[in-house]
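Colleague: Sending over a structure as structure tokens; questions will come in a sec.
What follows draws every value from the coordinates through simple rules; no lab data is involved. What you are looking at is a predicted structure, and each value in this text was computed from that prediction instead of being measured. Here the Cβ is made from the backbone with ideal geometry for all residues, glycine too, and neighbour counts use every protein chain on show.
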Amino acid sequence: MRRHTLTPRSHWQRSVERIGLTYHTLEDGSSYWDESAYWEFSAAEIDRLEAATAEIQRLALAAGDVILDRNLLSRMHIPEAAATAIHETWQSEPLALYGRLDLAYDGRQIKLLEYNADTPTALVEAAVAQWYWLEDCFPHADQFNSLHEKLVAKWKDLLPYVSQPVYFSHGGGEEDAMTIAYLQDTAQQAGLKTKAIAMRMIGWDGPATRFVDLHGSEIRTIFKLYPWEWLLKDSFGEHALATMNSLNAKPVPDKVQWIEPIWKMLWSNKALLAILWELNPNHGLLLPAYLDGPRSLQNYVRKPLLGREGAGVTVFRNWAWSEGAAVDANISGQAGADPCVYQALAPMAQADGRTAVLGSWLIDGEPAGIGIRESDGLITTNTSRFVPHLFR
């Protein structure tokens, strides 16, 4: 695993905009898409990353069973109102599309940092932009990237299981809009009829007890790039639960299919990290993680259970213990009101003053490729740069 620098393509802005990466530059003028560098892997390293991704997925599936069998939702601060729907959709296995594991890899150890299972982004850059970069710059190299093909194939598999048109919706900014546009395109390539609608434009027809679009047409299947914890807090959250198709994998009259399904709340919640460690202590792909405090950890990260893009994450170093009381030797923030998980600091890939996190994608639960984000510090935020990769 090595980081290289190179001169960006002279036409790189035009090239990435052409395939939908319109958010390539940050507000301060610096690059979000950064092809002044790339990471090179060996084929053996890619095999390790693929196998690690599959193994973590297996552990997450087993953890889901335990969470529901032992009624651990309250430990995860998941609303009680969602419990029945989570149990039902876990058993009925409704439509689910994708997810992204964030991994630390320093060339020696692979460690799970978190699972973005409900609303993962950085998809356009991982699936498309870095592939075209590879073809332009290193046409004889390879890349761990079958995202596009697997997405189209998965939508084809879902053809008999959805009501058409499939609606695609988001509640965010430009990146979310382009992610939805790309996913909608993969569904269309698979032969599905689709429609786009903003979350704020979804209507509720009270007399008919159904969700509708701007023309009053019923919404039966919808892919939402919108976190479940937000949706449940919205004014129509109770209607989403009441009309959810939670017991069947195929369409049911007067019921709505939600993609991703509500059981993804089990994995998008960072309490999963502590539960995985509790169930699999000392597993080589996991980091020690706890919900009740850092315990004996000396170097650790405190993460809000429902945080995104590094918000609220704090790094603690050289945590000193004395008579059972903890005294932080280098505190960088105070504990917030939100419930948190405390996770051991991971060995990270670092080069040229940058720290890299690998996003390892899964389509239908199968490893499908990686994307890399670089930060100046240890915390990946919404301004962390995306850099391409290859392997030989």
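Colleague: How would Leu6, Leu362, Leu279 line up from fewest to most surrounding beta-carbon atoms within 10 angstrom? Working shown, then result.
Modeller: Values: Leu6 11, Leu362 25, Leu279 14.
Arranged by neighbour count, lowest to highest, Leu6, Leu362, Leu279 become Leu6, Leu279, Leu362.
Colleague: Just to be sure I understand: if I project the alpha-carbon convex hull of the chain onto a plane and average over all orientations, what area do I get in nm²? Intermediate values should be presented prior to the final figure.
Modeller: Numbers: hull surface 79.3 nm².
For the chain, the mean projected area of the Cα convex hull comes to 19.8 nm².
Colleague: What trypsin sites (Lys or Arg not before Pro) does segment 65-121 have in DSSP loop regions with at most 15 other beta carbons within 10 Å?
Modeller: Details: sites: Arg70, Arg75, Arg100, Arg108, Lys111; in loops: Arg70, Arg108.
Of the trypsin sites (Lys or Arg not before Pro), the ones in loops of segment 65-121 whose Cβ has at most 15 other Cβ atoms within 10 Å are Arg70, Arg108.
Colleague: How do His283, His170, His148, His215 line up, fewest other C-beta atoms within 10 Å first? Write down the numbers at each step before the final one.
Modeller: On the way: His283 15, His170 23, His148 20, His215 7.
Ranked by crowding around the Cβ, least crowded first: His215, His283, His148, His170.
Colleague: Would you list Lys195, Lys303 from fewest to most Cβ contacts within 10 Å? Could you put the intermediate results ahead of the total?
Modeller: Details: Lys195 17, Lys303 24.
Going from least to most buried by this count: Lys195, Lys303.
Colleague: Here's a follow-up. I'd like the antiparallel share, as a percent to the nearest 5, of DSSP beta bridges with both residues in the chain.
Modeller: 80 percent
Colleague: Around Asp292, under 13 Å between beta carbons, what's the net of Lys plus Arg minus Asp minus Glu among the other residues?
Modeller: Here the count lands on +2.
Colleague: Within the chain, how many Lys pairs that are eight or more residues apart, or on different chains, come under 13 Å at the alpha-carbon?
Modeller: Numbers: Lys156/Lys193; Lys195/Lys224; Lys224/Lys264; Lys270/Lys303.
Final tally of qualifying lysine pairs is 4.
Colleague: To the nearest 0.05, what FRET efficiency results for Ser31 and Ser217 with a Förster distance of 51 Å applied to their C-beta separation?
Modeller: Details: r = 41 Å, r/R0 = 0.81.
Taking R0 as 51 Å, the efficiency between Ser31 and Ser217 is 0.80.
Colleague: Over all directions, how big on average is the projection of the convex hull of the alpha-carbon atoms in segment 13-64, in square nanometres?
Modeller: Values: hull surface 25.5 nm².
For segment 13-64, the mean projected area of the Cα convex hull comes to 6.4 nm².
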